[in-house]
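J.: Shown below is the structure under consideration.
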Amino acid sequence: MNSDLGRYIAIISGSTFLGNISLWSYLKKYLCKVKLCSLNIFKHLRPTLLLFLPQVAINIYVFLNKIMLGSMSTVVEAGFFDSSDKIIRMCLTLVTALTTVMMPRVASMFAKGDEEKVNEYLKIGFGIATLFAFPIFFGIEGVASKFIPWFFGEKFIKVIPVISIEAFAIMPISFSQVLGIQYLVPIGKTNQYSKSIIFGAIINFLINIPLIYFYSAVGTAVATVISESCIAILELFFASNNVKISLLFKEFWKPFLSSFIMYLVVKFLNGSLKVSFFYLFVEVFAGICIYTLLLIVLRYEIIRVFVKKLLKK
């Protein structure tokens, strides 16, 4: 057991270390010598702390879920939730990457005073988040019943209801990523972004207590969905001062309908086919094809934007 733990720590730490080290070779193209006295560190200290605070709050309530679950219920239940949470967070990397790419562009347009372009980028970012969030949610719901015991083993069968509930958090997390990191932070509304995250962390802590007591890992999944939804709703409220929210949800029904039809097909295949990597690939590939085709037929705006850019290139 101890040897396995040491290997696990070495793999996690080593892979992260090597990944970061590999980036250093590219930095020499962009870095130059700077005098320490010209950095003016204290000027940037307050805005940096304002960004640091919500990240601390996020990490606290992400880890607090598992700590509270382990102490109030059992370590086994904490393991069930952790397995579900890892899959959900991994699936959300697409949206996280989007906000990282779009943030400097929005900040640049805002600095130039081009509010129309800022709102356009927000609309595109929201559309792309929706484009990925719905199929990921319905995809997980469609394959979870067979994927979980195949991937984790039969002893993790209790992860199925946990991940089925926690998957509902994919939509609000995706929306809050776009509204918070891609919009509120670049336009200088870091304070409002921080308030949203801290509010969600408090809600998560308060409702975790009764839900964990009565429902263990399932209760933590419910608390996660509620707290993430609170964050998204509060950020929508803050953004509504400058943006017409109805425009963001104008084509909301198209990816939803396409994803739901995809879900029905994937669910049928999941119930009909045997459990194996090949058949799982078939289900995922069929789902992607159906979803993409339906979006093209429904003339989803984001798809048309991508196609136009590809044709220009």
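J.: Ignoring ligands, DNA and RNA, what percent of the 1.4 Å accessible area of the chain is carbon and sulfur?
T.: Heavy-atom surface of the chain belonging to carbon and sulfur, 1.4 Å probe: 71 percent.
J.: Would you mind computing Rg(Cα) / (2.2 N^0.38 Å) for the stretch 107-182, counting N as its residues?
T.: Output field value: 1.54.
J.: Also, I was wondering about something else. Report the local net charge at Ile197: Lys and Arg +1, Asp and Glu -1, summed over other residues whose C-beta lies under 13 Å from its C-beta.
T.: Once all neighbours under 13 Å are counted, the net charge is 0.
J.: Shifting gears a bit: Report the full-extension gain for the segment Ala107 to Tyr30: residue separation times 0.36 nm, less the Cα-Cα distance, to one decimal in nm.
T.: Result for the pair: 25.7 nm of gain on full extension.
J.: Asn191 to Leu5: FRET efficiency via 1/(1 + (r/R0)^6), r the Cβ-Cβ distance, R0 51 Å, to the nearest 0.05?
T.: 0.75
J.: Build a GNM of the chain with springs between Cα atoms under 10 Å: which of Thr16, Thr224, Thr93 gets the top mean-square fluctuation?
T.: Its mean-square fluctuation being the largest, the pick is Thr16.
J.: Heavy-atom accessible area per residue, the chain, 1.4 Å probe: how many Å²?
T.: With all protein chains present, the chain gives 59 Å² per residue.
J.: Along the Cα-to-C-beta direction of Phe252, a point sits 7 Å from the Cα; which residues of the stretch 212-237 have their amide N less than 19 Å from that point?
T.: Only 225-237 fall inside the zone, counting backbone N under 19 Å.
J.: Do any trypsin sites (Lys or Arg not before Pro) in the stretch 1-76 lie in a DSSP loop with no more than 12 other beta carbon atoms within 10 Å, and if so, which?
T.: Numbers: sites: Arg7, Lys28, Lys29, Lys33, Lys35, Lys43, Lys66; in loops: Lys28, Lys29, Lys33, Lys35.
Here the sparse-neighbourhood loop sites are Lys28, Lys29, Lys33, Lys35.
J.: Once you place label points 7 Å from the Cα toward the Cβ at Glu120 and Phe281, how far apart are they in nm?
T.: For the pair Glu120/Phe281, the computed spacing is 4.1 nm.
J.: Please provide three numbers in whole Å: the alpha-carbon extents of the stretch 182-313 along the principal axes, with the largest listed first.
T.: 46, 43, 23
J.: Here's something else I'd like to know. Could you check which residue among Ile226, Ile202, Ile11 shows the biggest mean-square fluctuation in a GNM of the chain with a 10 Å Cα cutoff?
T.: Taking springs between Cα atoms under 10 Å, the residue moving most is Ile11.
J.: Then there's this: Take the chain, connect every pair of alpha-carbon atoms lying under 10 Å apart with a spring to form a Gaussian network, then pick out the residue of Asn204, Asn241, Asn270 with the largest mean-square fluctuation.
T.: Evaluated over the chain, the most mobile residue of the options is Asn241.
The values are calculated or read from the model by the stated rules, or taken from the named source; none is laboratory data. Just so it is clear, the model here is predicted, and its values are computed rather than measured. Cβ: placed from backbone, ideal geometry, glycine included. Neighbour counts: every protein chain shown. Calculation scope for accessible area: heavy atoms of the full protein, side chains included, ligands and nucleic acids excluded. Shrake-Rupley method; radii C 1.70, N 1.55, O 1.52, S 1.80 Å.
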